[in-house]
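Below: the structure, in structure tokens.
None of the figures in this text is laboratory data; all of them are computed from the coordinates on show. Only a predicted model underlies this, so the values are computations on that prediction, with no experimental measurement involved. Here the Cβ positions follow ideal geometry from the backbone for every residue, glycine too, while neighbour counts run over all protein chains shown.
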Amino acid sequence: MPQKKKGPSLAPSHSLPWEYALRQRCSRKPQVGISTPPRRIPLLHSAHLLTEVERAVSRERLKRYLAAPAQNLGHAVSLYEQNVALSEMTFGLLHGLEVAIRNSMHDQLSTHFAAPRGFTSAPLSSYSLDKVHAAIRDAGGQTASPGKVVAELRFGFRTDLAAQRYHWSLWQPCLSAAFPGVRLARPVIHR
């Protein structure tokens with residue numbers, strides 16, 4: 001007997017508890033567009049749902065949203081949802097930027113040190129070397145590809161490479177070239 005196709009799951013797999021509650025009880029969520037001016041969003045939430053959202057998200061987290069509409073929980077939840085929607089829209093852009101920076105810095109280090117894993121040849125602090133060794137371990141060990149290891153290194157690792165202590169050893173000889181056309185000083189990029 002052929003299996004039925006399952007529809008989209010309403011279970012809260014990777015979503016917040018309040019998102020699950022909203023999908024269960026709301027016919028539609030407010031849509032926010034970057035080019036559209038701010039508008040009043042009609043309240044789509046029952047009193048029970050608002051109480052559940054407040055419990056799941058916490059009054060402390062909603063505090064700044066409650067301040068804007070004079071302690072109106074319905075408006076606060078709508079503002080919170082708009083913030084989540086805007087955050088979702090920018091996440092993809094930030095992810096792409098991080099990947100581009102990560103790969104560009106890795107390419108410059110690898111070229112400068114003539115090694116596929118330029119980060120292992122670079123004169124790094126013991127703290128940064130610990131991060132590199134952890135990334136190698138998390139990527140699968142010494143046989144892991146350089147790309148996998150680079151992907152395991154957190155954004156803070158790359159930010160650290162733009163610090164003052166690496167200005168003459170890494171920034172001037174190679175890492176500044178990872179930002180072609182950028183006319184910002186190293187300290188600005190480091191921030």
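The figures follow:
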read-out: Segment 63-104-segment 132-191 distance, computed between alpha-carbon centres (Å); value: 27 Å
read-out: For segment 113-190, with +1 on Lys and Arg beta carbons and -1 on Asp and Glu, the positive-most of PHE157, LEU175, GLY118 along the dipole; value: LEU175
read-out: Computed E for ARG154/VAL182 - FRET, C-beta separation, R0 22 angstrom, nearest 0.05; value: 0.55
read-out: Size of charge dipole - segment 113-190 - debye, nearest 20, with Cβ of Lys, Arg +1 and Asp, Glu -1, no other charges; value: 140 debye
read-out: Residue-wise HN-Hα coupling along segment 72-81, computed from phi with Karplus coefficients 6.51, -1.76, 1.60 (Hz; x: Gly, Pro); value: 8, 4, x, 5, 4, 5, 4, 4, 4, 5
read-out: Other-chain or far-sequence residues with amide H under 5 Å of ALA163's (modelled H); value: none
read-out: Pair ASP130, VAL84: separation of 7 Å Cα→Cβ label points (nm); value: 3.7 nm
